[in-house]
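Visitor: The structure is given below, and queries will be raised subsequently.
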Amino acid sequence: MLDPNLSPELEEYIIEHSSEEDEVLYQLRRHSHLKVCNPQMISGPVQGKFLELLVKLLNPKRVLEIGTFTGYSTICMAKGLNESAHLHTIEVNDEIINISKDYFEKAKLAHLITSHLGDALDIIPTIHEMFDFVLVDGDKREYTAYLKCVLPKVNIGGLIIADNVLWSGKVVDPKATDMHTKAIIDFNKYVKNNQSLEKVMLPIRDGITLIRKNA
């Protein structure tokens with residue numbers, strides 16, 4: 001679902017008036033819903049196209065994704081890359097990483113993607129690259145740690161996108177005191193108060209924040 005506050009009619013209207021999902025992404029989305037727990041974690045056709053267009057517009061040389069899941073957003077971003085660029089994606093769940101690799105091959109994009117299995121906080125320091133574009137969509141409890149870990153490896157002017165920053169509206173619910181909600185609230189405060197970052201929060205699906213590194 002794009003936004004729980006949208007009517008089904010408006011959601012369908014938005015999908016119909018966005019670029020059509022290609023066949024490989026459709027197959028991956030269907031596979032995820034049939035075979036994988038929590039299939040709602042995939043980006044979906046509208047957010048996926050949003051990511052693809054951002055990559056095309058910014059033309060990054062190096063992209064990092066924290067949280068591959070089944071690879072839907074990875075493919076969308078890789079579709080926007082030129083042939084000299086490269087994308088590193090990190091997934092901690094060894095039970096689903098082969099799904100993403102299979103679909104990278106089906107999408108004919110595997111040569112642009114390096115998959116890493118393990119904890120992002122351990123893996124990021126071992127990737128000797130500077131990034132122009134980062135998608136943060138891993139363990140919500142680690143969001144602030146991810147950002148602190150990756151910031152030194154982001155070029156000035158680079159874009160970081162954090163997903164799920166509204167956390168189903170729980171960020172404004174005083175009764176929501178679980179660890180995941182608290183972690184997202186703390187992350188949002190950290191981003192807001194960091195003067196070296198330019199940022200805007202958007203109500204796309206479960207909320208995304210666009211963060212530009214200024215210094």
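The values are calculated or read from the model by the stated rules, or taken from the named source; none is laboratory data. The structure displayed is predicted, hence computed values, not measured ones. FYI the Cβ positions are ideal-geometry reconstructions off the backbone, even for glycines, and counts take in every protein chain you see. The area values use the complete protein model at the heavy-atom level, side chains included, leaving out ligands, DNA and RNA. Shrake-Rupley method; radii C 1.70, N 1.55, O 1.52, S 1.80 Å.
Visitor: Can you give me the distance in nm between label points at N82 and Y190, each placed 7 Å from the Cα along the Cα-to-Cβ direction?
Guide: 3.4
Visitor: Using the Cα centre as the reference, give the magnitude of the dipole from point charges on the C-beta atoms of the stretch 1-152 (Lys, Arg: +1; Asp, Glu: -1; all else neutral), rounded to the nearest 20 debye.
Guide: My answer is approximately 320 debye.
Visitor: In terms of Cα to Cα distance under 17 Å, which lysines are near enough to K106, apart from those fewer than 8 places away along the same chain?
Guide: Cross-link targets: K79.
Visitor: Continuing with the same structure: How far apart, in nm, are two points set 7 Å out from the Cα along the Cα-to-Cβ line at E198 and at L57?
Guide: Modelled inter-label distance: 1.3 nm.
Visitor: Moving on. For a quick check of understanding: with a 1.4 angstrom probe and all protein chains in place, what accessible area in square angstrom does E198 have, to the nearest ten?
Guide: Counting only protein heavy atoms, the figure is 100 Å².
Visitor: So how much slack lies between I15 and D119, counting 0.36 nm per residue of separation and subtracting their Cα-Cα distance, in nm?
Guide: 34.0 nm
Visitor: Whose amide H sits under 5 Å from the amide H of G158, counting only residues 5 or more places off or on another chain, with H placed in the peptide plane?
Guide: K213
Visitor: Which three extents, in whole angstrom, do the alpha-carbon atoms of the stretch 125-215 cover along their principal axes, largest first?
Guide: Result for the stretch 125-215: principal-axis Cα extents of 41, 25, 23 Å.
Visitor: Next up: Would you work out what percent of the accessible area of the chain, with all protein chains in place, is carbon or sulfur (probe 1.4 Å)?
Guide: Result for the chain: 54 percent of the exposed heavy-atom area is carbon or sulfur.
Visitor: So what J values fall out for the stretch 132-143 if you push phi through Karplus, 6.51 cos²θ - 1.76 cosθ + 1.60 with θ = phi - 60°, rounded to Hz, Gly and Pro as x?
Guide: 9, 8, 9, 10, 9, 8, x, 4, 4, 5, 10, 4
Visitor: At 25 °C and a viscosity of 0.890 mPa s, what translational diffusion coefficient does Stokes-Einstein give for the stretch 126-168, taking Rh as the Kirkwood radius over Cα pairs? Give it in µm²/s as a whole number.
Guide: 221
Visitor: Within the set K61/K101; K140/K199; K108/K213; K49/K108; K61/K148; K56/K170, which residue pairs have Cα atoms separated by over 23 Å?
Guide: Checking Cα-Cα distances, K108/K213; K56/K170 exceed 23 Å.
Visitor: While we're here: What are the residues whose amide H is under 5 Å from the amide H of K61, where those residues sit 5 or more places off or on another chain and H is modelled from the backbone?
Guide: It is D132, by chain and number.
Visitor: I'd like the per residue volume of the convex hull spanned by the Cα atoms of the stretch 19-123, given in cubic angstrom.
Guide: It comes to 92 Å³ per residue, whole-number rounded.
Visitor: Run through every distinct alpha carbon pair of the stretch 74-135 and return the Kirkwood hydrodynamic radius in angstroms, one decimal place.
Guide: Radius from the Kirkwood sum: 12.3 Å.
Visitor: Under a point spin-label approximation (7 Å from Cα along Cα-to-Cβ), what is the S168-A145 distance to one decimal in nm?
Guide: It is 2.3 nm.
Visitor: Here's another thing I want to ask about it. Between L81, I156, N59, whose Cα lies farthest towards the positive end of the dipole of the chain when Lys and Arg beta carbons carry +1 and Asp and Glu beta carbons carry -1, centred on the Cα centre?
Guide: After comparing all options, I get I156.
Visitor: What is the spread of the Cα atoms of the stretch 56-183 along each of their three principal axes, largest first, in whole Å?
Guide: 48, 35, 28
Visitor: Sticking with this one: Can you give the accessible area per residue of the chain, in Å², using a 1.4 Å probe?
Guide: 52
Visitor: Residue-wise, which Karplus ³J(HN,Hα) couplings in Hz belong to the stretch 59-67, taking 6.51 cos²θ - 1.76 cosθ + 1.60, θ = phi - 60°, and x for glycine or proline?
Guide: Taking θ as phi minus 60°, the curve returns 6, x, 8, 9, 10, 10, 10, 9, x Hz for the stretch 59-67.
Visitor: Next question. Relative contact order of the stretch 61-215: what whole-number percent is it, with Cα pairs under 8 angstrom and at least 6 residues apart?
Guide: 21
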